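The next block holds one structure in the form of structure tokens; read it before the comments.
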Amino acid sequence: MSYENAWLNYRMRQDCRDKKYFSKVYAGDNCLYTQTAVRELEIAAREILDIKTERVGNCETAGIWLKLDQNSEAGEEGYHIREKDGRIIISSAGGRGLLYGSFALIRRLQLEQTLEGICIEQVPSNPYRMLNHWDNMDGSIERGYSGNSFFFQDEMVLVNERTRAYARLAASAGINASVINNVNVRGNATKLITDVYGEELRQMSEIFAQYGIRLFLSLNFAAPMELGNLDTADPLDDRVKAWWKEAMADIFGRIPNLGGFLVKADSEGRPGPFTYGRDHADGANTLAEAAAPHGGVIIWRCFVYNCQQDWRDRKTDRAKAGYENFMPLDGKFKENVILQIKNGPMDFQVREPLSPLLDGLQDTNQILEVQIAQEYTGQQRHICYLIPMFKEISDGSFRKNNWGMAAISNTGNDENWTGHDLAAANLYGFGRLSFDSELTAEEIAEEWAVCTFGKNEKVTKTVVKMLLMSWPAYEKYTSPLGIGWMVNPNHHYGPNVDGYEYDRWGTYHRADHLGIGVDRSSRGTGYARQYREPLASIYENILTCPEELLLFFHHVPYTYRLRSGKTLIQHIYDTHFEGAQDAAELAVLWDSLEGCISEKVFERVKKRLEHQKEHAGEWRDQINTYFFRKSMIPDEKGRHIYE
Ligand code: GCU
């Protein structure tokens, strides 16, 4: 399948004054990353400036100088770019910094910002900037909405030009690590750590390496049994430990650019240490010990909860599970273990509080996990620009033991990579935000729009407006005030208010004829108490609880007055009418760009927006009708609500 260049869709610029810099490049050293950087500068010069770049042998005559400088304060991945005496110097203590610096310079060209007098310094905000692909070896993608995998097909590993195109796109946005297979490791995927797929993985990792990306694999905790014929996977059993040591020595020996492993254990039916009466620290540490001699890390996911719950039971609370499982283990993990924690305590809903684990753990390395695959936020058929949400999340208190950010990727083998063209803003935006947490969601949207569609004020303004409207709109027409879910079971698309109400997954809204919401205060499940003060008290009290999370923390009567003076039921009606209207406006805004955007892209997006508009109407009607039927309270504004 062919593919497009997404935001690396370079456009020729006429009469650009910055041509002069690009005619001659000098790279002081010749490491892998510098070679890539020079190649990228050459491509940009050719495609944007229509010139051929000459590689020169010294800095004197060069217009761009890639300078490795051991003493650079920007570190190995950071960079300095400055113009001095008609020459641009990109310096860094490492080759990867030179690569990021080069991409930054090219981005400025794309944005049509002058390079004269440029002086910027950038140090990445996160050491790990990671994509997690939930790709299966048969080529399907769990929660994938952009076609099939470009890493796997028919139980084989794919290595081709698209591998390079992927690495290039990811690196240009600042990504430096990629887990290529699904966290649910089954079947042949278990064998990815053996030499069965060794050669392909080595080739892939070499391509990744050129772009500064570490290859990671998800592994199966039961591999010693499934591959090694042991009768146990008990992490404290000496045979199991020895098995892992050998397996790690083998794979790290074959794949030098391997970063380590991501593990989903004792979660949603996956094997883990609980079977043997061990805890997550025992499990993670055994793997970590085996990976340590090779510089490998073990990224252990905290998405652990009881998925066999009874809806009748009002004390067990899925939201509490992550904290209950991992907080007692704080400080017990080896140095090369990083816990990966979903942003919220549930599962990538349109609105959740920040997981209390992120702030709770004091002596444990953490990676924040978010999802750009829009499983619960419109599945890349609706626009939902998530960077404003990630901004709120990453501005939160998790920074202390921060090792990075990981996003469940939204890519697939669709021509435009992300199904919905506008969903690429989430991919780009995640990378940019993880690299530079100071950027605003609006700045990122603007960069992305210009790089993708070219510099055209009308297009940029409209696209940025659409992106920024989209998350609030989605929140308005779907489940209200932080309660979440209300989707069709299994595939999670479209409204179904009671879809998860009597199920085993711990995902309830508890609506009755008087009110809705889960009481997570001390009178209820006690979840609010997992936060450190002052948050615990803030969430505990209905009067101080942020209203966008009201129903996550409290069971609230429909007649309760919000700060706006509106009753809860009126708020539900109003937001649903408004949200659906916003979705309709998104379609109108896009229509105004006809003729300013390539017809192919215009039509692709138009089709999805028409669907979104319809579908938002379906959400509005199902939710409004549901609550009208429960409460029998009419809309104050007399709008039509189906009975
Ligand atoms: C969600 C998602 C699953 C996924 C899981 C995870 O529950 O629906 O498909 O496996 O998250 O994060 O592991």
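The values are calculated or read from the model by the stated rules, or taken from the named source; none is laboratory data. In this text, all values refer to a predicted model and were calculated from it rather than measured experimentally. Note that we place each Cβ from the backbone using ideal geometry, even for glycine, and neighbour counts take in every protein chain shown. The area values use the complete protein model at the heavy-atom level, side chains included, leaving out ligands, DNA and RNA. Shrake-Rupley method; radii C 1.70, N 1.55, O 1.52, S 1.80 Å.
Of note:
- If you go through the stretch 480-499 and pick out every residue that is open to solvent by less than 10 Å² (accessible area, probe 1.4 Å) and within 16 Å of the ligand (Cβ to nearest atom), you end up with 4.
- Qualifying residue in the stretch 368-376 (condition: touching a residue at least 40 places away in the same chain (Cβ under 8 Å), within 15 Å of the ligand (Cβ to nearest atom) and farther than 28 Å from Trp619 by Cα): no
- Helices (runs of 4 or more DSSP H) within the stretch 534-643 that include 2 or more residues open to solvent by 20 Å² or more (accessible area, probe 1.4 Å): 535-540, 568-591, 599-631
- Restricting Ala445, Ala449 to residues that are farther than 30 Å from Trp485 by Cβ, open to solvent by less than 10 Å² (accessible area, probe 1.4 Å) and part of a helix (DSSP H, G or I) narrows the list to Ala449.
- Against the numbered list (1) open to solvent by 10 Å² or more (accessible area, probe 1.4 Å); (2) out of contact with any Asp or Glu (no Cβ under 9 Å at 6 or more places or on another chain); (3) closer than 22 Å to Phe333 by Cα; (4) part of a loop (DSSP other than H, G, I, E, B), Glu268 comes up short only at (3).
- Helices (runs of 4 or more DSSP H) fully within the stretch 188-261 that include at least 3 residues being open to solvent by 20 Å² or more (accessible area, probe 1.4 Å): 198-210, 238-254.
- All told, Gly322 falls short of being under 20 Å from Leu535 (Cβ atoms), of a type in the set (Gly, Ala, Ser), within 16 Å of the ligand (Cβ to nearest atom) and part of a loop (DSSP other than H, G, I, E, B).
- Screening the candidates Asn30, Asn71 for the property of being open to solvent by 60 Å² or more (accessible area, probe 1.4 Å) and under 21 Å from Pro124 (Cα atoms) yields one hit, Asn71.
- Matching residues, the stretch 271-291, being within 16 Å of the ligand (Cβ to nearest atom), open to solvent by less than 10 Å² (accessible area, probe 1.4 Å) and either outside any helix (DSSP H, G or I) or touching an Asp or Glu at 6+ places or on another chain (Cβ under 6 Å) (or both): Gly272
- So Gln380, is it within 13 Å of the ligand (Cβ to nearest atom) and either farther than 19 Å from Ile299 by Cα or touching a Lys or Arg at 6+ places or on another chain (Cβ under 6 Å) (or both): no
- Of all residues in the stretch 36-68, those being out of contact with any strand residue (DSSP E or B) (no Cβ under 8 Å at 6 or more places or on another chain) and surrounded by fewer than 19 Cβ atoms within 10 Å (Cβ to Cβ) number 8.
- Ala373 vs. criteria of a type in the set (Gly, Ala, Ser), open to solvent by less than 10 Å² (accessible area, probe 1.4 Å) and closer than 22 Å to Lys391 by Cβ: yes
- Scanning the stretch 415-440 for residues that are open to solvent by 10 Å² or more (accessible area, probe 1.4 Å), under 19 Å from Asn343 (Cα atoms) and part of a helix (DSSP H, G or I) turns up Leu427, Arg432.
- Restricting attention to the stretch 81-101, the residues being within 24 Å of the chain's Cα centre (by Cα) and either within 19 Å of Ala445 (Cα to Cα) or open to solvent by less than 30 Å² (accessible area, probe 1.4 Å) (or both) number 4.
For every residue, the table says whether it meets (1) part of a loop (DSSP other than H, G, I, E, B); (2) not small (Gly, Ala, Ser).
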site: Asn58; (1), (2): yes, yes
site: Gln70; (1), (2): yes, yes
site: Ile89; (1), (2): no, yes
site: Arg96; (1), (2): no, yes
site: Gly101; (1), (2): no, no
site: Arg108; (1), (2): no, yes
